[in-house]
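The values are calculated or read from the model by the stated rules, or taken from the named source; none is laboratory data. Fair warning: this is a prediction, and the values are worked out from it, not measured in the lab. Virtual Cβ from ideal backbone geometry, glycine too; neighbours counted across all protein chains shown.
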Amino acid sequence: MTRLEIDAVNKSFGDVHAVDSVDLVVPEESMTAVLGPSGCGKTTLLRLVAGFLVPDSGTIRFGETIVAGAGRVVPPQRRKVGYVPQEGALFPHLDVAANIGFGLPRARRRSARIGQMLDLVELPAHYAERFPHELSGGQQQRVALARALAPEPQVVLLDEPFSSLDASLRIATGHAVVRALRAARATAVLVTHDQDEALSLADQVAVMRRGRVVQAAPPRDVYRSPVDIEVARFVGGAAVLPATIRAGRAVTALGEVAVTSAVKDGAAEVLIRPEQVLLGAEGSGVKAHVDSVGYYGHDASVTLTLLPDGPTLAARVNGLDVPATGATVAITVAGPVVAFQ
């Protein structure tokens, strides 16, 4: 039960500011997803917390203990950090029990602790005798988590641990890992570039861009109230349309719609999420041409162009009511929308 605090941390490699004045608090017994594109600094930040890198300035605290900064650097092996890398990195010549017990004192390696960890990550006890090549990718990641949790670390760090798994396995494994972390009452940081993964698994999402944390908030707040247009476009996908604000409402190519917060009259841009775009019979809204349809069974993604030559935007519709490509539909917006000035 350890709170993680990162305060004004910087790390450069030559002229490249990989981590630039980052402030971030991860409450105890919670998971924060650090989300961002490749090269934004998220893995460097994780390695600074683990102790694999030393910050140029700033401090990192585990609870009340400074592990980096103020003239003090605690080495990785003394930080009590559990680290789960991409693809698990299990020892191929060791069975599951030996992999899980690797970080434990020798007397405990074949003890009840291994059984407890298998139960925690929802694997049957007889898997203890299997070798990594006998496991699926998702099972390997669960064993990697069990190995990280076995020594009872203060903080657990997960570096894109599901990136090599297929979509359905990634979802199931991700939720199993979250259940295990909650059961262990762990404080965790998950690094990912997958927006759905961050929004669905984490208690807090920290969006990184060019070495900085530009927004850190609960997933719902990051999605519904992004701090700027770049975050809006990166998290969840959205159309950004020009608008004019008049008396607290936005006048757009899709008609007049309410906005989420008070903004002054004048030029603005509004954020419209795909699920806010409602399709109806022609004549009940602004006309649009259906450019393409991506069908997923339970729902569908529809790309639309406003007629006669307006902007392009996306809609997310129920899989039971999917328009045909080439059709003309009428669209309205379920407000309110976020406005930027």
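Scanning region 323-341 for residues that are crowded, with 19+ Cβ neighbours inside 10 Å and either closer than 12 Å to VAL277 by Cα or without any contact (Cβ under 8 Å) to a residue 60 or more places away in the chain (or both) turns up VAL329, ILE331, VAL333, VAL337. When residues in region 69-98 are screened for being surrounded by 14 or more Cβ atoms within 10 Å (Cβ to Cβ) and either outside the structural domain of LEU157 (by TED's automatic domain parsing) or farther than 23 Å from LEU46 by Cα (or both), 5 of them pass. One residue alone among ALA144, ALA148, ALA98 is more than 28 Å from the chain's Cα centre (by Cα) and in a helix (DSSP H, G or I), and that residue is ALA98. Applying a threshold of 6 Å to beta carbon distances and a minimum spacing of six or more residues, or different chains, the list of pairs starting in region 11-40 at a residue that is surrounded by 14 or more Cβ atoms within 10 Å (Cβ to Cβ) and ending at one that is of a type in the set (Lys, Arg) and part of a strand (DSSP E or B) reads ALA18/LYS11; VAL19/LYS11; ASP20/ARG212; CYS40/ARG209. Residue-level check: of (1) free of Cβ contacts under 8 Å to residues at least 60 places away in the same chain; (2) surrounded by 21 or more Cβ atoms within 10 Å (Cβ to Cβ); (3) under 30 Å from LEU123 (Cβ atoms), ALA238 misses just (3). The criterion of at least 3 residues that are touching a strand residue (DSSP E or B) at 6+ places or on another chain (Cβ under 9 Å) and not small (Gly, Ala, Ser) is met by the following strands (runs of 3 or more DSSP E) wholly inside region 205-294: 212-217, 239-246, 249-252, 266-272, 277-280. Scanning for something within 23 Å of VAL235 (Cβ to Cβ) and surrounded by 20 or more Cβ atoms within 10 Å (Cβ to Cβ), does region 135-150 turn up at least one residue? No, every residue in region 135-150 fails to be within 23 Å of VAL235 (Cβ to Cβ) and surrounded by 20 or more Cβ atoms within 10 Å (Cβ to Cβ). Restricted to region 303-322, and to residues there that are part of a strand (DSSP E or B) and free of Cβ contacts under 8 Å to residues at least 24 places away in the same chain, the residue that is surrounded by the fewest Cβ atoms within 10 Å (Cβ to Cβ) is ASN318.
The residue pairs whose first member lies in region 44-62 and is on the phi > 0 side of the Ramachandran plot, whose second member is among the basic types (Lys, Arg), and whose beta carbons are closer than 8 Å, counting only pairs six or more residues apart or on different chains, are GLY51/ARG79. From the list SER261, SER225, the one residue that fits, being surrounded by fewer than 20 Cβ atoms within 10 Å (Cβ to Cβ) and touching a Pro at 6+ places or on another chain (Cβ under 9 Å), is SER261.
Please verify whether ARG209 is at pLDDT 90 or above, among the basic types (Lys, Arg) and in the same structural domain as LEU313 (by TED's automatic domain parsing), treating the condition exactly as stated. So ARG209 does not fit the description; no.
Does region 157-173 contain at least one residue that is at pLDDT 90 or above, part of a helix (DSSP H, G or I), in the same structural domain as GLY36 (by TED's automatic domain parsing) and farther than 23 Å from THR44 by Cα? No: zero hits. When SER12, SER57, SER30, SER38 are checked against the criterion of being at pLDDT below 95 and among the polar types (S, T, N, Q), SER38 stands alone in meeting it. With respect to being under 28 Å from SER12 (Cβ atoms), aliphatic (A, V, I, L, M) and modelled with pLDDT of 90 or more, ILE100 falls outside the description.
Here ILE66 meets the list (1) closer than 24 Å to GLY41 by Cβ; (2) without any contact (Cβ under 8 Å) to a residue 60 or more places away in the chain; (3) surrounded by 20 or more Cβ atoms within 10 Å (Cβ to Cβ) almost entirely, failing just condition (3).
Exactly one residue out of VAL191, VAL213, VAL231, VAL251 is of a type in the set (A, V, I, L, M, F, W, C) and under 21 Å from PHE162 (Cβ atoms), and it is VAL191. Within region 217-229, the set of residues being more than 14 Å from the chain's Cα centre (by Cα) and over 15 Å from VAL270 (Cβ atoms) comprises just one member, VAL227.
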